[in-house]
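After the structure tokens below, expect a handful of questions from me.
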Amino acid sequence: MTSLLFICLKSIISRKNNKYEITITINGIQSKKAYLSLIKGGKKIMIDTVNIDQEKIHFLFKKPIQIGLYRVILDEGNYIDLIFNNKTVDMQTNMNDVVGEMVVNESDENQQYYEYLKYSQTKNLKIFDIIAEAKVLQSDSMKNAKKIDSLKNEIDAIIFEKNRYITELTSKNPNSIASRIMKSYILPDFNEFKKKKTLTKYKNKDEFLGDHFFDNINFNDTILLNTDVFYNACNNYIRNFVSADSIGYKKAIDIVLSKSAVNIRVKKYFLDLFVETFEESSWEDVFTYLVDNYYLQSYCESDDIKVKDLKNKTEVIKKLSIGCKAPEIQLKNENNKNISLYSLKNNLILLFFWKSSCEYCEDAIPKLKKLYSTYKCNGFEIVSVSIDTIQKVWLDTIKKKEIKWINVCDFQGYKSPVSKEYYVWRTPTFYLLDRERKIISKPVSVDQIESKLENIYSYLNVDKYTK
């Protein structure tokens, strides 16, 4: 009995003495405060704030916190990344070279991680120098083609060295968090792939990476959700190995969501990331594709407000497709007179959703005034629907800018039923309508409007300068 009591007391004392702490000493630091954030994809979740005492940063927690990659944020963009797995972290460095002079006194994870960061920093500097040299040669790419190719080979050789270094370093402790992060940095080797007997052939490395970029990333590892691995990999893939069009983006969505299907939490992360990326973007067809083919298939509409919202948005977007009839607009103009979109007799109408405080709208207005002056005599009209919420601001802007076309507003901003019907989430937003009020174009700039008008009036054999 006494023995059992002793064991229980020892266990309680041990738990009470458990410390979850991070200590970083930084020589030359001028900051007064330090902020600890958990890195979750492209976001930083604030965990704690402490005062810096004589160049020492000390975070102490009474209970365990989430395991993952953390960022200690200082001032003027300075920060220190570290891995925390609820074991004591003790490090010291110098503000002049945080990574290069980092000494990890306690924490096996960070000893391994910073061994890689120091090596990577040296190699990356070499790559940056080579890229800078290549950019100079690009001014005469034909003449310098061989040298540019040689520089590309040098970069490939450095990347190969980095991959080999990571492989060797992670083999020492393959299950550590540091190893799991670093393995994701290994870029699949195109030359090794070409040695394999496979029916699949690729023209070049970029085409190969378009299909194999994620080969070394473990989509089943939920710890990576508490790092920037998934976010950076997806961002890098889309920026560099995906064509910047609807087909390319849909293919990227298919590949990533297919690979992440091995883990429901990881797939949800990517699904939410893609929705966040495309929900308010010009790629409306990509957004509807994502919602229809993935989001609505993954969640029960009746149980999720977000799902209902996304479904409603996609339905609105589909009703605003080219060839669809534009929703009716019935609003009052600056003289308090009711204006109906469908009562207008013009051959072409440009709907211009704008706001007085929008600098892009301010830039667009003078250009639109020129187009209005040019084509008004040929049946062209502009109906500007303001997103303003204060009448005086709206009226003052109309007067100041001498806007002579049709101006309407209900002062409900983005909450206006008209804004919602036309899926207006930014200004300026444009819709070009024909005589029957069908949507014939959804231009994103005045230049596109001008080009469209020139094509239309040229096709109709109308002299745009006719008065």
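When you scan region 382-390, do you find a residue that is in contact with a Ser or Thr (Cβ under 7 Å, 6 or more places away or on another chain), within 21 Å of GLN412 (Cα to Cα) and either among the aromatic types (Phe, Trp, Tyr) or not assigned by TED's automatic domain parsing to the domain that holds VAL444 (or both), even just one?
No: zero hits.
Let me ask another. Go through THR200, THR170 for me and flag whichever is among the hydroxyl-bearing types (Ser, Thr, Tyr), over 27 Å from the mean Cα position of the chain (by Cα) and not assigned by TED's automatic domain parsing to the domain that holds GLY248. Walk me through how you get there before you give the answer.
Values: THR200 fails: not assigned by TED's automatic domain parsing to the domain that holds GLY248.
Exactly one of THR200, THR170 is among the hydroxyl-bearing types (Ser, Thr, Tyr), over 27 Å from the mean Cα position of the chain (by Cα) and not assigned by TED's automatic domain parsing to the domain that holds GLY248, namely THR170.
A follow-up question, please. (1) closer than 26 Å to LYS268 by Cα; (2) touching a helix residue (DSSP H, G or I) at 6+ places or on another chain (Cβ under 9 Å); (3) modelled with pLDDT of 95 or more: which one isn't true of GLY42, the others all being true?
All conditions are met except number (3).
Would you mind listing the strands (runs of 3 or more DSSP E) fully within region 334-404 where at least 1 residues are touching a strand residue (DSSP E or B) at 6+ places or on another chain (Cβ under 8 Å) and surrounded by fewer than 17 Cβ atoms within 10 Å (Cβ to Cβ)? Before the answer, list the steps.
Values: elements: 338-340, 348-354, 380-386.
Fully inside region 334-404 and qualifying: 338-340.
Condition check: out of contact with any Pro (no Cβ under 6 Å at 6 or more places or on another chain) and buried (at least 17 other Cβ atoms within 10 Å of the Cβ). Does VAL89 satisfy that?
Taking the combined requirement at face value, the residue satisfies it.
Within region 49-78, how many residues are part of a strand (DSSP E or B) and buried (at least 16 other Cβ atoms within 10 Å of the Cβ)?
10
I would also like to ask the following. Determine whether region 172-187 contains at least one residue that is over 28 Å from ARG71 (Cβ atoms), of a type outside the set (S, T, N, Q) and surrounded by 12 or more Cβ atoms within 10 Å (Cβ to Cβ).
no
Can you name the condition, by its number, that ASP228 falls short on among (1) loosely packed, with under 13 Cβ neighbours inside 10 Å; (2) farther than 21 Å from ASP254 by Cβ?
Only one criterion in (1) loosely packed, with under 13 Cβ neighbours inside 10 Å; (2) farther than 21 Å from ASP254 by Cβ is unmet by ASP228, namely (1).
Report yes if THR122 is closer than 26 Å to TYR231 by Cβ, without any contact (Cβ under 8 Å) to a residue 12 or more places away in the chain and loosely packed, with under 15 Cβ neighbours inside 10 Å, otherwise no. Break it down stepwise before answering.
Values: closer than 26 Å to TYR231 by Cβ: yes; without any contact (Cβ under 8 Å) to a residue 12 or more places away in the chain: yes; loosely packed, with under 15 Cβ neighbours inside 10 Å: yes.
The answer is yes for THR122.
Go through (1) within 37 Å of the chain's Cα centre (by Cα); (2) farther than 22 Å from ALA326 by Cβ for GLU381 and report which single condition fails.
GLU381 satisfies every listed condition except (2).
Before we move on, is SER298 touching a helix residue (DSSP H, G or I) at 6+ places or on another chain (Cβ under 8 Å), small (Gly, Ala, Ser), surrounded by fewer than 19 Cβ atoms within 10 Å (Cβ to Cβ) and in contact (Cβ under 8 Å) with a residue 24 or more places away in the chain?
Here the answer is yes, as SER298 does meet what is asked.
If only one of LYS337, LYS325 is more than 26 Å from LEU257 (Cβ to Cβ), free of Cβ contacts under 8 Å to residues at least 40 places away in the same chain and over 31 Å from the mean Cα position of the chain (by Cα), which one is it?
Values: LYS325 fails: free of Cβ contacts under 8 Å to residues at least 40 places away in the same chain.
Being more than 26 Å from LEU257 (Cβ to Cβ), free of Cβ contacts under 8 Å to residues at least 40 places away in the same chain and over 31 Å from the mean Cα position of the chain (by Cα) holds for just one of LYS337, LYS325, which is LYS337.
Next question. Among the residues of region 71-89, count how many are touching a helix residue (DSSP H, G or I) at 6+ places or on another chain (Cβ under 9 Å) and not β-branched (Val, Ile, Thr).
Total satisfying the criteria: 5.
If you scan region 42-61, which residues turn out to be within 10 Å of ILE22 (Cβ to Cβ) and of a type in the set (D, E, K, R)?
Answer for region 42-61, where residues must be within 10 Å of ILE22 (Cβ to Cβ) and of a type in the set (D, E, K, R): just ASP48.
The values are calculated or read from the model by the stated rules, or taken from the named source; none is laboratory data. Just so it is clear, the structure is predicted and the values come from calculations on it, not from any experiment. Cβ: placed from backbone, ideal geometry, glycine included. Neighbour counts: every protein chain shown.
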